[in-house]
Ligand code: SF4
């Protein structure tokens, strides 16, 4: 039987593992990206490919070493017009030269029938029912994992790091081992109850910063230098502007007057979808500015084409809407010290602005 | 333009600026005819020089690639000199492949970094550049003329000019030659000398890369002319027709996502097969990430090796080193017997 490995971002493995269990497929678990992954990725990758490309290639290599035959790339819609479109192929070429062969399965949608079509060639007996349930459970888990992060932040800010970490660990474990749809619903309620036992947070009193930019950079701690925790340490309320769920957001056209006007204004800055999460980034920049956030941190891999475009446009957005923007390009060499200094200086700046 | 006298309401033609950058090298013949037929005065930004480049570098963020920085310089060169600057959003001119995000959004970038830009634009996103282009262009044209018959006539004329230009390009002419020939209404068959650039006895060198890079002498170390001066005949990746690019790709497992990348890969493969080509020079902008993966494709799919010189271009690359490498390369292929390699 073929062995599958799923690309992962942040804690997404918990969701994809549940999906795999539902389908009864055998998985190879990739280690979450660590320094060894990164080093391996860098050594195999073309110099100018983006940092996520290198990290993903590193984990692919670790995956083939562990015997994976098929890589599932749940990239969703971000795949359009971005280097990611060429990721699969290029990585295959690179690893083939080293004598590894494997298949790549790209999932661009979570529609169960399409997912079924993609898996059928590898698993002829799969049923639509199994796939639908798998998708549902995985989606439930993904959303729960996101609320864990929100709760973690709130507890971190009012209580202490240790309590926040304990909360996170406890509930991530619980989400991981619960595979029934009903129990997951119940788990969500219990988790909210547990959260309510901690003192409430008044975000309005804190400086609020929205972190926007590239999906992978924002959701993978090892790539973003743990930006959310650093902001909390500085007493700032951070909001994740590009959540994991957006990978599979069906991208419904804007419907309400608010949404329509937001997307029209965003188009004034960036007229076309240029792939990745560029249009989401511009839209959320405008949205958070109007919600009264104190600053925007734009974080992106150094050579990410869509985000480099956004990087040129955001200063204009910031000037028009009167919100400071910090650009944080990251690559494998982004030093810890410089990074922290820039974030701290930025927080000082917005603190000063607010006190005026 | 604080010191400019208000435009006289009389017969002054609308001045329409076209930056000499990016798609200028692909579609200028069309735009030139189209807009002048509609009564506009077409103003092209100056040839790239130190000032334009410096201006581009100073307004652009560091991470942008050189061609986009250069575009910003050319756009800035036009501001204040014309009523509109025309810069289209070109997303796709062929089914299934796209331009890179920076190219697609280049008008947005220019707008964000060049203050006071009177941008005039059109969306080009079609399977075939010429079929539904008319619909897209009507809107732009409406700023210049309200007469649909006149617009259509201008469109037809522009198409003819563009087609003639492309005939020359596909026959192997370089940009300036093809532009001049098309302006004079000469067809390639009229050219007694045969396709430009093919005359002479020297080795045939293929120059491969993005058209806006090697056609701009200032940023490409005057590569094309340097080669000719040394007696080489030159053929470029522009000379492949879209169909020929497609042919090469149907043989591969999967194309890249990029129109320009595909052309580079296809040309390298095609030129490697051609017995008369002595060597290939591949010019690539520093930090062009779409090109970085293109190299993986070339390495994986190259049938026979020809001598290949990769020249990476950025704003700092000094001429001297490049010239030395070019000369060495040239000497090497000049020594190879014709047809070998
Ligand atoms: S294709 Fe490369 S050189 Fe051209 S605009 Fe895009 S990144 Fe820049």
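The values are calculated or read from the model by the stated rules, or taken from the named source; none is laboratory data. Just so we're clear, the structure is a prediction, and the values are computed from it rather than from any experiment. A quick note on method: Cβ atoms are made from the backbone with ideal geometry, for glycine too, and the neighbour counts reach across all protein chains shown.
A few notes on this one:
- Selection count, the stretch B:53-69, where residues are part of a helix (DSSP H, G or I) and either within 14 Å of the ligand (Cβ to nearest atom) or under 13 Å from residue A:308 (Cβ atoms) (or both): 5
- Test: residue B:211 is within 16 Å of the ligand (Cβ to nearest atom), surrounded by fewer than 22 Cβ atoms within 10 Å (Cβ to Cβ) and at pLDDT below 90: no
- Residues located in the stretch B:217-232, provided they are under 17 Å from residue B:328 (Cβ atoms) and outside any loop (DSSP other than H, G, I, E, B): B:223, B:226, B:227, B:229
- Helices (runs of 4 or more DSSP H) fully within the stretch A:238-356 that include at least 3 residues being in contact (Cβ under 8 Å) with a residue 40 or more places away in the chain and touching a strand residue (DSSP E or B) at 6+ places or on another chain (Cβ under 7 Å): A:278-290, A:336-355.
- Which listed residue is surrounded by fewer than 16 Cβ atoms within 10 Å (Cβ to Cβ), at pLDDT 90 or above and within 16 Å of the chain's Cα centre (by Cα), from B:47, B:81: B:47
- Filter pass, residue B:99 being closer than 30 Å to residue B:288 by Cβ, in contact with a helix residue (DSSP H, G or I) (Cβ under 8 Å, 6 or more places away or on another chain) and buried (at least 21 other Cβ atoms within 10 Å of the Cβ): yes
- Counting the residues of the stretch A:39-83 that are in contact with a strand residue (DSSP E or B) (Cβ under 9 Å, 6 or more places away or on another chain), at pLDDT 75 or above, farther than 16 Å from residue A:4 by Cα and part of a loop (DSSP other than H, G, I, E, B) gives 1.
- Considering the stretch A:22-31, the residues that are touching a residue at least 60 places away in the same chain (Cβ under 8 Å) and in a loop (DSSP other than H, G, I, E, B) include one that is farthest from residue A:122 (Cα to Cα), namely A:24.
- Search result, residues across the stretch B:86-113 that are at the interface with chain A (Cβ under 9 Å from one of its Cβ atoms), out of contact with any strand residue (DSSP E or B) (no Cβ under 9 Å at 6 or more places or on another chain) and more than 14 Å from the ligand (Cβ to nearest atom): B:112, B:113
- The single condition from (1) part of a helix (DSSP H, G or I); (2) buried (at least 21 other Cβ atoms within 10 Å of the Cβ); (3) within 16 Å of the ligand (Cβ to nearest atom) that residue B:25 fails is (2).
- If you go through the stretch B:274-315 and keep only what is outside any helix (DSSP H, G or I), closer than 22 Å to residue B:62 by Cβ and either facing chain A (nearest Cβ under 10 Å) or modelled with pLDDT of 85 or more (or both), you end up with B:283, B:284, B:285, B:286, B:287, B:288, B:311, B:312, B:313.
- Matching option when the condition is more than 12 Å from chain A (Cβ to nearest Cβ), more than 30 Å from residue B:250 (Cβ to Cβ) and in a helix (DSSP H, G or I), among B:73, B:116: B:73
- Residue in the stretch A:224-231 that is free of Cβ contacts under 8 Å to residues at least 12 places away in the same chain, in a loop (DSSP other than H, G, I, E, B) and closer than 20 Å to residue A:53 by Cα present: yes
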